[in-house]
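J.: There's a structure below that I have some questions on.
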Amino acid sequence: MDYFFAQIEERENPTLKNQPIAVCIISEREGSMGAVATCNYMAREKGVKSGMACSAAKKACPGLIMVP
């Protein structure tokens with residue numbers, strides 16, 4: 001599946017194309033805590049990886065757009 005869910009987001013919202021994006025899983029128990037489910041190749045080039053904490057992903061790639 002590689003980055004299937006990120007591709008769907010790009011297809012549904014064309015303004016996201018050519019931008020680093022990550023699809024995140026947000027934990028309701030922990031408030032703003034969450035993890036990257038998948039990301040596009042542009043985000044991967046900046047060091048973002050699946051399973052990474054959303055806060056760490058944002059530090060690795062300050063321009064990262066996170067979608068739920």
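J.: Run through the DSSP bridge list for the chain and note the antiparallel percent, rounded to the nearest 5.
T.: On the way: 6 of 9 bridges.
If I count the DSSP bridges inside the chain, around 65 percent turn out antiparallel.
J.: Give me the number: length gained by fully extending SER55 to ARG11, i.e. 0.36 nm times residue separation minus the C-alpha to C-alpha distance, one decimal in nm.
T.: Fully extending the segment from SER55 to ARG11 adds 13.3 nm.
J.: Starting from the Cα gyration tensor of segment 4-67, take the square roots of the eigenvalues, sort them a ≥ b ≥ c, and report rounded, prolate or oblate (rounded when a/c is under 1.5, otherwise prolate if a/b is larger than b/c, else oblate).
T.: The shape class here is oblate.
J.: Taking the highest mean first, how do the peptides 20-26, 51-57, 8-14 order by number of other beta carbon atoms within 10 angstrom per residue?
T.: Descending mean neighbour count gives 20-26, 51-57, 8-14.
J.: Only helical DSSP H runs with n ≥ 4 go in: add -39500 (n - 2.57) per run for the chain, normalise by residue count and round the 222 nm mean residue ellipticity to 500 deg cm²/dmol.
T.: Estimated from H runs of four or more residues: -7500 deg cm²/dmol.
J.: Shifting gears a bit: Any chance you could run the full-extension gain for MET33 through GLN19? It's 0.36 nm times the residue separation minus the Cα-Cα distance, nm to one decimal.
T.: Roughly 2.8 nm would be gained on extension.
Every read-out reported here was derived from the displayed coordinates using simple, explicitly stated rules and does not represent laboratory data. On a predicted model such as this, the values are computed, not experimentally measured, just so you know. Here the Cβ is made from the backbone with ideal geometry for all residues, glycine too, and neighbour counts use every protein chain on show.
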